[in-house]
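A quick write-up on the structure given underneath.
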Amino acid sequence: MSPTTQTLRTPLTPKVLAQLREVSILASLSEERLHCLDGASQVHLEADQILVKQGEVVRVFNIVLEGSLRVSTVSSDNVEQTLYTAEKGFAFGEVPLLANIPSAATVRANSPSDILQLDEEQFWQLMTECPEVRRAILGNMAMRLAKMQSTTFQQEKMAALGTMAAGLMHELNNPGSAARRASSQLRANLMRLHELAARFTRITLSPDQKECILDLQQYALNSRPEVTLSSLEQTDAEEALTEWLESAHVEDAWKLAPVLVSVGIDANTLACTRDSFDGTVFSDALNWLEALVSSQQLVSTIEESISRVTDLVSAVKSYAYEGKGLKQSIDVNKSIHATLVILAHKIREKQLTLEKEFAADLPPLSTGCHGVNQIWTNLLDNAIDATPQNGRLKIRTWAEAIDTPADKHTDVCILVEDNGVGIPLDCQSQIFDPFFTTKPVGVGTGLGLGIVFRIVEQCGGTIRFTSVPGSTEFVVRLPAQTEQ
């Protein structure tokens with residue numbers, strides 16, 4: 001059912017005049033001045049009827065004469081959230097009129113309600129002829145825009161975290177699975193070591209044999225890095241050692257060879273050991289050595305996996321909680337690194353080459369602005385999306401001293417560059433507009449760059465870009481010290 005609309009072509013009735021006197025922004029107007037609203041439309045809503053839908057372009061100013069309205073938004077995952085209730089005497093609609101943007105919320109009647117509506121011409125007449133009303137409306141607009149910006153920022157931040165969640169689960173699953181496999185193999189190795197140790201207790205080893213085993217252990221377990229071979233060299237070395245071990249009747253030669261080769265052991269290294277042991281004892285000694293080396297490698301795998309999980313958790317915490325304080329000191333290099341950790345799955349999926357140039361002498365960013373990490377998060381996310389498979393992505397930071405007669409300060413500068421197709425020339429003037437996006441339908445909200453622009457402005461910085469096919473570059477400059 002559509003709202004019932006009645007156009008009042010005659011002067012306002014005493015009843016409507018009495019209702020308008022209860023509207024706070026009109027309270028200072030005389031009855032004569034109230035008649036500037038003559039000709040307004042009166043809309044009646046039954047309970048649950050919609051006055052305006054979220055995203056709809058409506059150019060009217062509304063005053064609630066009777067009843068109650070619920071103002072709500074629907075998130076991208078289709079969850080409705082009530083922002084506030086508009087009771088009798090409440091006026092709204094100035095933000096879409098003055099900012100020329102679609103309605104940010106849906107307005108629905110809680111109960112039977114009467115609304116006085118001013119069209120665009122009547123609204124501007126009211127603004128022109130009634131300075132007191134103009135001041136009140138502009139004050140309301142400033143407050144509502146600030147609240148809308150805060151809400152939009154939080155929605156964008158949650159949307160960004162939601163988009164990253166699947167990738168983070170993948171990132172966490174990989175080291176988790178690796179640690180689980182390594183733990184299982186380590187358990188099997190410990191059982192083998194136990195069995196081999198039990199065998200050694202049943203035989204008597206000469207001092208030379210003990211010395212030989214200790215020398216091998218020292219050689220295999222020293223702290224030098226593992227030998228790096230090409231794939232072909234690795235395969236040839238493993239095949240050669242496998243043949244040599246099999247000729248020496250070593251049990252599970254195919255299994256021992258890769259581990260021993262990984263620490264630089266070959267047939268020449270084992271020659272003296274073969275001369276020191278009988279066949280069965282020699283096989284047990286090498287199996288014991290392989291289990292020991294393999295166990296050390298598995299422990300390293302588990303440590304790396306846990307470290308990877310810790311890095312991910314630290315990055316997410318840094319991203320989610322950065323900007324909670326009133327005044328904060330941000331290590332921009334560290335914050336960008338945390339963002340790159342979160343976005344690493346997208347970079348790997350497209351097999352991008354990432355070039356990082358982080359200035360070692362970059363000063364901390366001391367600011368009270370909220371959500372500063374949204375700047376590089378959105379720029380990097382957009383750049384990754386724009387970069388083709390096997391493409392190139394670059395991020396660079398540096399400090400730049402500004403020394404003019406009017407201003408002396410240091411800027412923290414961030415550059416994000418990709419080698420994608422570029423931003424179409426006819427779109428470049430709009431890319432910082434809210435809800436504008438060049439991505440396909442269903443990909444992206446169009447909020448990202450708009451929020452980047454507002455955060456940079458709030459921090460007293462600047463953002464510039466250049467874009468041609470094959471190269472798009474964004475440069476952000478933020479004063480190292482701000483009063484925000």
Could you tell me the convex hull volume per residue, in Å³, taken over the Cα atoms of the stretch 353-422? 110 Å³
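Roughly how big is the stretch 272-423's charge dipole about its Cα centre, with Cβ charges of +1 (Lys, Arg) and -1 (Asp, Glu), in debye to the nearest 20? Don't jump to the answer; show the numbers that get you there.
Working: 14 positive and 21 negative charges, 98 e Å.
So the dipole magnitude of the stretch 272-423 works out to roughly 480 debye.
In terms of solvent-accessible area of protein heavy atoms at a 1.4 angstrom probe, what is the ranking of Trp376, Trp254, Trp398, highest value first?
These residues rank, largest area first, as Trp254, Trp398, Trp376.
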What ³J(HN,Hα) values, in whole Hz, does the Karplus curve 6.51 cos²θ - 1.76 cosθ + 1.60 give for the stretch 233-243 when θ = phi - 60°, with x put for Gly and Pro? 4, 4, 4, 4, 5, 5, 5, 5, 5, 4, 4
Paramagnetic reach from Lys408 (point 7 Å along Cα→Cβ, amide N under 19 Å) across the stretch 363-393: 363
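Using the reciprocal of the averaged 1/r over all distinct C-alpha pairs, how large is the Kirkwood radius of the stretch 20-70 in Å? Kindly include the intermediate steps, with their values, before the conclusion.
Values: mean 1/r = 0.0760 Å⁻¹.
Kirkwood hydrodynamic radius for the stretch 20-70: 13.2 Å.
The values are calculated or read from the model by the stated rules, or taken from the named source; none is laboratory data. Keep in mind it's a predicted model, so treat the numbers as computed, not measured. Every residue, glycine as well, gets a Cβ built from its backbone with ideal geometry; the counts of neighbours run over all protein chains shown. SASA here: full protein model, heavy atoms, side chains in, ligands and nucleic acids out. Shrake-Rupley method; radii C 1.70, N 1.55, O 1.52, S 1.80 Å.
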